[in-house]
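Q: Have a look at the structure that comes next, please.
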Amino acid sequence: MSDKPLLTHATETIEAGSKSFATASKLFDAKTRRSALMLYAWCRHCDDVTDGQTLGFKATDAPTDTPQARIALLRALTLEAYAGKPMREPNFAAFQEVALEHQIPPALALDHLEGFAMDVRDERYHTFDDTLRYCYHVAGVVGLMMARVMGVRDEAVLDRACDLGLAFQLTNIARDIVEDAAIGRCYLPEAWLKEEGLRADTLADRARRPALARLAARLVEEAEPYYASARAGLAGLPLRSAWAIATAHGVYREIGVKVKRAGVNAWDKRQGTSKAEKLALLAKGAAMAVSSRGAASSPRPSALWQRPHAQDDHYAHATPPAA
């Protein structure tokens, strides 16, 4: 496979799959942008394969295997990529380039796949910590991988990168509560549902919107300290990377603000940011990135959820098969 088609494929993937990240990614230097796009393409592909979709939408041809089998294949291909085997599938060829060049630990990639496995298992989230554990797998670990792409190796800065992923995913959950409920998924803590007299199978009912709006607002508020923590990590990134991340931070946080502001009407349309709003947030992100250069470091609040470190992770000692 030639170099240009691989980059073109990754670029087309992010532009179709996430306009928010596509905007922010253009701010990276060329080398970092290439790796960020390659990593996104793999993440998007694994998500789609698990759900039998294409770029987040229902695939034309329904898969004939089980979700469990698809997860197993994704894990096997991921380890083959780490083993340096030739990858015919473009998304795995892209991932192989990024993972080997930036020394992304296999534990992180496999932890990301575990997030999709949690969906396949229809895992239940009893407490907010359980919800945060899911957020870690599907988004926090992506923040960790992205930080490594940007050259970060400092554990304290990696913690902040993980926090941004957690904040993004909490925003996603709030925005997509009704959409997720329609396909039988619920990431809200069962303890929260019980407080509002709700069940996971009633969330799509319009009559439940007032209670749903309160829960969405609660999620958005819970995301705030993670957004604040992530902002404090900008100083540990190269300036252009800090600009890109600050812009993504602003765009996603604004989506949460809109969900909270819309209240019971939050799910009448998909909440997002306009082109004009993205441009304003891009300028604001530049100011945040520049101001972070002289900012004094502060310890991460101990009350925030703690990510698993390599020695605690059950995938830490996963080894690729022999080439």
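Q: So in the range 181-199, with the set limited to residues that are open to solvent by 30 Å² or more (accessible area, probe 1.4 Å) and of a type outside the set (K, R), which one is farthest from T32 (Cα to Cα)?
A: This residue is G197.
Q: T171 is checked against (1) surrounded by 20 or more Cβ atoms within 10 Å (Cβ to Cβ); (2) polar (S, T, N, Q); (3) more than 19 Å from the chain's Cα centre (by Cα) and fails just one. What number does that condition carry?
A: T171 satisfies every listed condition except (3).
Q: Sticking with this one: Taking the stated definitions as given, is L144 more than 13 Å from the chain's Cα centre (by Cα), assigned to a helix (DSSP H, G or I) and under 24 Å from L73 (Cβ atoms)?
A: In short, no.
Q: Restricting to the range 80-117, name every residue that is surrounded by fewer than 17 Cβ atoms within 10 Å (Cβ to Cβ), farther than 18 Å from M150 by Cα and not charged (D, E, K, R).
A: Scanning the range 80-117 gives A83, G84, P86.
Q: Return the pairs, sorted by first residue and then second, in which the second residue is among the β-branched types (V, I, T) and open to solvent by less than 20 Å² (accessible area, probe 1.4 Å), the first residue lies in the range 82-105 and is in a helix (DSSP H, G or I), the beta carbons are less than 8 Å apart, and the residues are 6+ apart or on different chains.
A: Listed by first residue and then by second, the contacts come to N91/T13; F92/T78; F95/T78; V98/I104; V98/V149.
Q: With respect to R206, is the statement that it is surrounded by fewer than 19 Cβ atoms within 10 Å (Cβ to Cβ), over 20 Å from R33 (Cα atoms) and without any contact (Cβ under 8 Å) to a residue 40 or more places away in the chain true?
A: yes
Q: Has the range 153-164 got at least one residue that is of a type outside the set (V, I, T), open to solvent by 10 Å² or more (accessible area, probe 1.4 Å) and part of a loop (DSSP other than H, G, I, E, B)?
A: Yes.
Q: Residue under question is K269, and the condition is that it be basic (K, R), surrounded by fewer than 21 Cβ atoms within 10 Å (Cβ to Cβ) and closer than 30 Å to F28 by Cα; does it hold?
A: Considered against the rule, which asks whether it is basic (K, R), surrounded by fewer than 21 Cβ atoms within 10 Å (Cβ to Cβ) and closer than 30 Å to F28 by Cα, K269 comes out as no.
Q: Moving to a separate point now. Just to verify a result, which residue in the range 297-315, among those that are part of a loop (DSSP other than H, G, I, E, B) and at pLDDT below 80, is least open to solvent (accessible area, probe 1.4 Å)?
A: D313
Q: Now for a separate question. Quick check: anything in the range 97-109 under 27 Å from I183 (Cα atoms) and modelled with pLDDT of 95 or more?
A: Yes, there is a match, as at least one residue in the range 97-109 is under 27 Å from I183 (Cα atoms) and modelled with pLDDT of 95 or more.
The values are calculated or read from the model by the stated rules, or taken from the named source; none is laboratory data. The model shown is predicted, which means the values in this text are computed figures rather than measured ones. So basically every Cβ, Gly included, is an ideal-geometry build from the backbone, and we count neighbours across all protein chains shown. Just the protein is used for accessible areas: all its heavy atoms, side chains included, with ligands, DNA and RNA removed. Shrake-Rupley method; radii C 1.70, N 1.55, O 1.52, S 1.80 Å.
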